[in-house]
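First up is the structure itself, then whatever we jot down about it.
Derivation of every value follows stated rules applied to the coordinates shown; laboratory data play no part. Since we're looking at a predicted model, the values are computed, not measured. In this analysis, Cβ positions are derived from the backbone assuming ideal geometry, glycine residues included, and neighbour counts consider all displayed protein chains.
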Amino acid sequence: MNWVSRNWRGLLVLALGLAVLGATHYGLHSCEDAGHFMQTSTGLQVPMRCSWTERAVEGMGGLVAVFGLLMLILQGFAQGLSLAAGVTGVLMFITPIWLIPTCDGAMMTCNMSLKPGAMLLGALVALAGLGGSIKLRTFEGRRAMA
Amino acid sequence: MSRETGSPSLLKLSLLNLLRKPGRSVGAVLGVILAAGTAFAAGLIGLGVNHSVQVGVDRLGADLMVVPKGAVPATHTALVMGEPVSFYMPGSTTEQVAAVPGVKQVAPQVYVETLSSAACCTGRLFVVGFDPEADFTVKPWLETGLRRPLAGNEIVVGNHILPLIGEQMKFYGSDFTIAARLSGTGMGMDETVFLPVETVWQMAKDSFTKAEKPLQIPPDSVSAVLVRVADRPQAEAVGRQIEAAVPGVSVLTAGQVTQGVARDLRSLMSYLVPLAGGVLLVSLVLFVILFAAIAAERSREIGLLRTIGATAGQALGLLTGEAAILGGIGGLAGVAAGLGVFALFAENIRVSFTLPFLWPPLVAQVLLGLAVVAGAAGLGALAAYAPAARIARRDPYLALHPR
């Protein structure tokens, strides 16, 4: 079994983490990216809450990428790291709808771009992480029996 | 293998065979998921757009809309997407249109674009002033839904407008209370605010002292005249008569709205259909290759089954059954994935392609899903048929000794 075949789960998690980072930074837009701000009573323009959603998702993407990298280096901990990546995916999925909800208007930039994108990527990370963890458990179990 | 227990045993055998190499099964199913998901999403969009247009045109209640010349495209966008527009024509247009033969009922409307508010992030809104006496768009709903006329500062809002019933909205410095919310249509009405036309005039008057920028509407003017004709099939002919009789106006028919939406839908489908078709083709080729390999690999197993009494049909059923199960699972996962991804990006697609959309009834969605799953299972079996038939019909001795 070559290196890629042995480590594809770690590579997948790393790729997904980098995809989340890249997509959130360049492809998925919050209202701030579209130039919309909230104005306080003193006239100060502050970012809307979807800006924080974007940063949180970006951070989670970075975390998932680190998990993927560690899965490649610390192969003995791959199952736990995969599980952690999966849980981070679940958090990523619920961030724009519950943890740091995006703005209220359905037609606003964040709800048309950041929210669906983050939820889709979160679901993919969760599937890859949790699925990989189950698969690794089975793999470890077979190895132990052998 | 007895004939009485043939089918369940075949099913079990097929499932066990698929689970024997889960990686290969998952690989084969991925293409099906993509094709089925795209097909389901495309079907859902088609159903949802048609449903929305039906509900929206019924709610509008008009056979024709008379607007100033050149304002038809903007009116279409306002009707479909709720994009604010404001244009005006003389108020006498209403009487001129009413006098055209074939016209049964007319209802003038005044359109206003609100200023984007710094304190609120909902942006511009489309405000429609209706004549409470003549209106047939909002008034019938008020009679059954609200069961009372609107008070001076009350408004009715479309289904997508954010604030709740009883809350206030501010337009041009005037405060209004939301009295009712219309049910969803998936069209521009969901993004529209309705209020009596007298209130619009009062708001315009007050805006000179209350608003950052005054609302300037030419006195005694209307934006559109909604028309009901006496004989519906003659609506287009009446529309032409109106354009001939009243100078400076254009007529938008319900049929034109439907045609415009169909044009935008075709534009979206021109991306989706080739994508689904291409992925489907690749999946079919993959299935043929995969089952050719599986059939060759399991030649001895099939030969053994034939030796102990299984018929060629049962052996064929075993292999095509596996393909059908694989296709069906892929179809089911594809439907779930297509539904999920479409639900996430529905608003984005709606805006990008200027399409109205209202979720079709649940029964229609379930039937569409079942059709996609059945199609995926059927095509899977069809793709595996040729290699499966070749191996199933082989002489049992030759199947047991392939070389």
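Work out, in µm²/s and without decimals, the Stokes-Einstein translational diffusion coefficient of the stretch B:136-225 at 10 °C, 1.306 mPa s, Rh from Kirkwood over C-alpha pairs. Calculated translational D: 114 µm²/s.
Across the stretch B:356-396 the C-alpha pair distances fall into 10 Å bins from zero in the proportions 25, 28, 21, 15, 9, 3 percent.
A crude spin-label estimate for the pair A:VAL87 and B:GLN234, with each label 7 Å from Cα along the Cβ direction, gives 7.4 nm.
For the pair B:LEU146 and B:THR307, the difference between a 0.36 nm per residue extended length and the Cα-Cα distance amounts to 50.3 nm. Dividing the Cα radius of gyration of the stretch B:244-403 by 2.2 N^0.38 Å, with N the residue count, gives 1.60. Put in order of Cβ neighbour count within 10 Å, fewest first, the listed residues B:SER299, B:SER352, A:SER5, A:SER82 become A:SER5, B:SER352, B:SER299, A:SER82. For the stretch B:335-403, the alpha-carbon radius of gyration amounts to 1.95 times the rule-of-thumb value 2.2 N^0.38 Å expected for a compact globular protein. For the residue pairs B:LYS139/B:LYS170; B:LYS170/B:LYS205; B:LYS69/B:LYS205, the C-alpha atoms sit more than 20 angstrom apart in B:LYS139/B:LYS170; B:LYS69/B:LYS205. Shielding by partners for peptide A:103-112, expressed as the average number of C-beta atoms from other protein chains within 10 Å of each residue's C-beta, is 5.
Over the residues of the protein assembly as shown, compute the C-alpha Rg and express it relative to 2.2 N^0.38 Å.
1.26
Each of B:THR177, B:THR144 has some number of other Cβ atoms within 10 Å of its Cβ, and from fewest to most they run B:THR144, B:THR177.
For an R0 of 35 angstrom, estimate the FRET efficiency from the Cβ-Cβ distance between B:LYS205 and B:SER183 and round to the nearest 0.05.
E between B:LYS205 and B:SER183, to the nearest 0.05, is 0.60.
In chain B the Cα-Cα distances spread across 10 Å bins starting at 0 as 5, 19, 21, 16, 12, 10, 9, 6, 3, 0 percent of all pairs.
Taking label positions 7 Å along the Cα-Cβ direction at both A:LEU74 and B:GLN259, the computed distance is 6.8 nm, reported to one decimal. Per the Cα gyration tensor, the stretch A:29-122 maps to an equivalent ellipsoid with semi-axes of 32, 13, 10 Å, ordered largest to smallest.
Full extension of the segment from B:GLU243 to B:ARG266, taken as 0.36 nm per residue of separation minus the current Cα-Cα distance, would add 5.4 nm. Full extension of the chain between B:ASN348 and B:ASP175 yields a length gain of 59.1 nm, computed as 0.36 nm times the residue separation minus the alpha carbon distance. Cβ crowding within 10 Å, taken as a proxy for footprinting-reagent exposure, orders A:ARG55, B:ARG350, B:ARG240 from fewest neighbours to most as B:ARG240, A:ARG55, B:ARG350.
Computed over the Cα atoms of the stretch B:177-336, the ratio of the radius of gyration to the Kirkwood radius (Rg/Rh) comes to 1.34. Once the C-beta distance of A:LEU11 and B:ARG390 is scaled by a Förster radius of 51 Å, the resulting FRET efficiency is 0.85 to the nearest 0.05.
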